[in-house]
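Values in this text are rule-based calculations from the coordinates and carry no lab data. Keep in mind that this is a model prediction, so the values were computed, not measured. Every residue, glycine among them, receives a Cβ derived from its backbone with ideal geometry; neighbour counts consider all protein chains shown.
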Amino acid sequence: MKDKYKLKLLAVAMVLLSVANVLWGSLDIPVGEVWRILCGGEVEGHPAWRIIVLQGRIPQMLTALLTGSALGTCGLLLQTAFRNPLAGPSILGIDSGANLGVALVLLLLGGTATIGGMTLGGHLLVVVAAMVGALAIMALLMLLSSLLRSQVMLLITGVIISYVTGSIIQLLNYSATEQGVHSFVIWGMGNFASVGIERLPVFCALSFAGLFLAFLLIKPLDALLLGDHYAENLGIRIGRMRQMLLLVTGLLTATTTAFCGPISFIGLAVPHLARLTLGTSYHRTLMPATMLVGANLALVCNLLSTLPRDGSIIPISVITPLIGAPVVLHVILRQRAS
Amino acid sequence: MKPYIIIYILLSLLLLACGGGRTANADGQGDTLMLQYARNLTIVDFPDYTEVTMRNPWDTTKVLGKYCLIKNEELRDKNSSLIPHTSSISPHTSSISPHTSSLIPIPLHNAAVFSSVHCALLHELAADEAVGGICDFEFFNLPYYKQAVNTGRIVNLGNSMQPSLEKIIDLNPDALLPSPFENSGGLGRVERLGIPIIWCADYMENTPLGRAEWIRFYGRLFGRAEQADSIFRCVESRYQELRSAALQAKTKPKLLPEMPWSGQWTLPGSGSSSTLLYKDAGADYLFADLEGAGGIPLSTEKVVDKAVEADVWIIKHHGPLNRAQMNADTPLLSNIKARIWWCDTSKTLIYEETPFHPERLLENLIGILHPELGISSKYEYFMPLKTDER
């Protein structure tokens, strides 16, 4: 099957899964009633259903779709840039910067902070803290990338940053209240329902900006597949390219982690699923395929999270490794065989 | 019937009625203290000591701890064989063995108390001079203990889950009072120091008065049995009085507790003490049929579907609360029109005071739910969310 048809199939699957995400939730609302609400009607006797569908399920579906695309794209960029099939958004430590920011406000400050005379709290403070933490680590990495010539060294730096932030978080956890630890653990499980309709435009704008910038990197990434020297001969400025790559992955990881919490495995597994689907390494088709596969996978995870019919939900970070781990295992075994 | 038989029956009934809530235990030597509400605690008073048995709350067929509170230290030194079942003074006082008791010389003079809840109670019992060390000092809101740690009178032993071994050895307390957790693995090396460990499992009681009744045990530990019994009697009588008053209310406002965090809304299950408290306050708790004894996590949309019917919404929150921000964080909440009452846990002593004084919380809740009853509460843990905050 040609790549174009496969991409179309993935797009159709994304549309179907998006519809399923609106129709299906942890609350049983008949399909006909959901349709009536989508057409602007009211449901008698159930005043909450309208707001659940319009302000709950639709933003959640869009958040899952964009988060999956963003994380998958990050994984693809990093795997190509570092020529490491096990690279993912967490490898550079950017998401651990977001974790640290959130840990500081939830575990140290108790969930409220006064900045410039204004008291912030709730999810808004968490988003701001995660964004600041992630962008601070990204800035540090960009600074280091201009000093370190080797990509491997940059990778090692990212891993070290993760360890350092991890130990600070452990220290904060150790001396935090039971409530604080609980809040941090729940946030750490990831969740596509955190982006409300008011913050959706900001989330969408940042995600689309990152994805657009990623599209601009398609040509240099294809050149990088042939090796650094070959890419340089083709006129690619490796240093600048690396800075751009850090900016894009940093922006996408910071946005998704800040709004949805840490979502594991999607960034790592999706590029491999896309490669398996298309059988190509060229980014012109691989990148859109990665975005579509990422969106589909996140939408499936969001659907699976509502499986318990008693009204509870399965945390997203519980589901993603269950789907992602077999893919990573397959890649490792295939590498070993080759 | 012959008159002497009638007199005999009447006398027997009189004697039973004057028992003061005590019954002779099986071997006929001790008086079992009648605990009406606490399910995990048995206290038997013997002439020279008190035997306390704690049932394991997570496996009620087992014993969490068994303690012999020796009232007279001289007696303990002379003849410890008086104490039944005490095969040895077990250094592993967390032992599940029902046949091993830990000897606790009472009153305690230098105890290491791990939680602020118990410290608050000891302050009320005027026994805080007997506290030598505390844990999790960063989260203490109690002025006396803050000052005592700052002046060095009380030692900060560090984290309650992993207290400083060296500081405990240096303090040499006569007992450690930690809170047990299911499958926590105990206190590790601290258990091998030979210091008696008295597990404070009161929080596992599933009724508000059940937990409060543990006051009587803590009172006996610190030589304040009479004060503790008196405090509990006041707690119980006020609680029952308030409960009866709430039963007279003609309405039953629909109650919604707590708020969602990161897509999850944790609500008390039907078997929890909070659910019972809401019922006693004359509320129609919207999720009273939720199975489980602890906090049950539900999806926000599942809760909101029912929450739109709520009349009163009570929220415990650390720091300021703002309705606009709540709606921005979770737009689904904007459909809930209930009156919001919130408690700033960073400024009130709700966590420290109400575990052993559920009547204070009940009074506050009845005041909120049934203003028509005219019960004004001295304890205002919950405040209405002001209009400008909405």
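Quick notes on this one:
- Proximal aspartates and glutamates relative to B:LYS306, as straight alpha-carbon distance under 18 Å, when same-chain residues fewer than 8 apart are discounted: A:ASP28, A:GLU33, A:GLU42, A:GLU44, A:ASP310, B:GLU258, B:ASP284, B:ASP289, B:GLU291
- Counting other Cβ atoms within 10 Å as a rough exposure proxy, the listed residues A:PHE212, A:PHE265 run A:PHE212, A:PHE265 from fewest neighbours to most.
- Measuring between their Cα centroids, the stretch A:1-80 and the stretch B:315-390 lie 36 Å from each other.
- Between the stretch A:215-251 and the stretch B:43-60, the alpha-carbon center distance in angstrom: 72
- Shape class for the stretch A:204-256: prolate, because the ratio a/c of the largest to smallest gyration tensor axis (alpha-carbon atoms, square roots of eigenvalues) is 1.5 or more and a/b beats b/c.
- Look at A:GLU44, B:GLU138, B:GLU353, B:GLU213 and count the other Cβ atoms within 10 Å of each Cβ; fewest to most, that gives A:GLU44, B:GLU138, B:GLU353, B:GLU213.
- For the residues of B:300-311, the average number of beta carbons from a partner chain within 10 Å of their own beta carbon is 6.
- Peptide ranges B:216-225, A:33-42 listed from the most packed, as the mean C-beta count within 10 angstrom indicates: B:216-225, A:33-42
- For B:LYS386, a cut-off of 22 angstrom between C-alpha atoms picks up these lysines, skipping any fewer than 8 places away in its own chain: B:LYS254, B:LYS316, B:LYS337, B:LYS347, B:LYS378.
- In terms of other Cβ atoms within 10 Å, B:THR251, A:THR67, A:THR285, A:THR255 run from fewest to most in the order B:THR251, A:THR285, A:THR255, A:THR67.
- Span from the the stretch A:258-299 Cα centroid across to the the stretch A:89-114 one, whole angstrom: 26
- Shape call, chain A: gyration tensor on alpha carbons, a/c limit 1.5: oblate
- Span-like helix criteria (full DSSP H runs; alpha carbon extent of at least 20 Å along the helix axis; mean Kyte-Doolittle hydropathy of at least -0.5) are satisfied in chain A by A:3-23, A:58-82, A:122-147, A:151-174, A:200-216, A:238-260, A:283-304, A:316-337.
- Shielding value for B:155-164 is 1, the average number of Cβ atoms from other chains within 10 Å of each residue's Cβ.
- Think of it as helices only: each DSSP H run of n ≥ 4 in the protein assembly as shown is worth -39500 (n - 2.57), and spread over all residues that comes to -15500 deg cm²/dmol at 222 nm.
- Peptides B:260-270, A:218-228, B:191-201 ranked from most to least packed give B:260-270, B:191-201, A:218-228, packing being the mean of other C-beta atoms within 10 angstrom over each peptide's residues.
- For residues of A:312-321, the mean tally of beta carbons on other chains within 10 Å: 2
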